[in-house]
Amino acid sequence: MPKRIESQEEAISGIENAQQYAEMAKKSAKMMYGSFLKHIKSLDVKGGEYLEVGAGPGILAAMIAEDNPDVYITAVEISSDMVTVAREYIEERELEDRVRFVALDAADEVMMEELGEFDLVYSTLAMHHWKDPEKVISNLLKVVGDGGVLFIHDLRRVWWLYYLPLHNSGFIDSIRAAYMPDEIKTIFQRLGINRCEIKRRFPYFMQSIIVRK
Ligand SMILES: C[S@@+](CC[C@H](N)C(=O)[O-])C[C@H]1O[C@@H](n2cnc3c(N)ncnc32)[C@H](O)[C@@H]1O
């Protein structure tokens with residue numbers, strides 16, 4: 001398998017970039033998040049306190065909150081520009097009582113622990129951006145409450161997209177920065193977790209990591 005090429009930027013910064021991402025995510029919401037919503041339901045999470053990590057402009061958080069009226073979501077995001085765009089969107093959807101955005105780096109152990117504990121900690125399309133995935137995952141595992149679930153949904157580094165001769169394509173760069181199942185297992189093993197389930201998802205450049213506490 002070809003070598004991983006790290007994401008150039010960890011955060012998606014700049015108001016214009018955040019707005020552009022938000023518009024793209026709104027237009028492609030069904031395609032980007034439709035199957036993820038089903039996967040969340042299939043996890044059979046007990047309790048309605050959710051933590052979303054690397055939540056971007058809040059499109060998915062709003063979909064989950066609208067789909068699950070008993071759920072409260074804390075959404076964390078490293079880019080303050082994304083947080084500005086997300087808060088506007090959450091207000092527009094009138095969800096501010098159930099979805100709150102916090103600007104923080106998920107690798108910051110102290111700030112993460114201050115958030116409390118959650119029944120579901122989830123993240124989509126963000127892991128390949130994390131500068132220190134081991135630290136982030138260690139922090140996420142600490143805030144999953146007893147009986148809770150950690151669910152990370154991200155791209156896979158598939159060779160048939162990796163080798164496409166495209167430069168300056170955000171999507172292909174993300175595929176090149178994505179992890180393979182063995183690399184993910186190694187990260188979890190270093191954290192002392194051997195019971196992590198990695199599922200290949202359709203379309204086959206997607207995968208999910210599930211850890212139950
Ligand atoms: C490709 S976007 C995905 C956004 C959203 N989860 C989605 O599925 O559309 C990745 C997001 O993760 C954020 N991010 C990257 N590293 C982070 C970190 N260490 N802590 C919190 N957010 C982070 C980026 O700023 C960006 O908004």
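Structural remarks
- Using a simple spin-label model with pseudo-atoms 7 Å out from Cα toward Cβ, Arg4 and Glu23 lie 3.3 nm apart.
- Order by protection proxy (mean Cβ within 10 Å, highest first), peptides 185-198, 142-155: 142-155, 185-198
- Considering only Ala126, Val158, Ala18, and ranking their Cα positions along the charge dipole of the chain that arises from unit charges at the beta-carbon of Lys, Arg, Asp and Glu, the one farthest toward the positive end is Val158.
- Equivalent ellipsoid, the stretch 39-79 (semi-axes from 5 times Cα gyration tensor eigenvalues, Å): 18, 11, 9
- Two-site label geometry, Glu16 and Val102: point separation in nm, points 7 Å out along Cα→Cβ: 3.3
- Here the extension length gained between Glu92 and Lys46 equals 13.7 nm, from 0.36 nm per residue of separation less the Cα-Cα distance.
- GNM on the chain, alpha-carbon springs under 10 angstrom: the most fluctuating residue among Val53, Val121, Val71 is Val71.
- With the convex hull drawn around the C-alpha atoms of the chain, the volume per residue stands at 114 Å³.
- For Arg201 and Leu164, a Förster radius of 30 Å and the Cβ-Cβ distance give a FRET efficiency of 0.90, rounded to the nearest 0.05.
- Taking a Cβ cut-off of under 12 Å around Glu183, the surrounding Lys, Arg, Asp and Glu residues balance to a net charge of +3, with basic ones at +1 and acidic ones at -1.
- Proximal lysines relative to Lys135, as straight alpha-carbon distance under 25 Å, when same-chain residues fewer than 8 apart are discounted: Lys3, Lys185, Lys199, Lys213
- Packing around the peptides 13-21, 82-90, taken as the average count of other Cβ atoms within 10 Å per residue, puts them in this order, highest first: 82-90, 13-21.
Rule-based calculations on the coordinates, nothing more; no lab input. Source: prediction; values computed, not measured. Cβ atoms come from the backbone with ideal geometry, glycine included; neighbour counts cover every protein chain shown.
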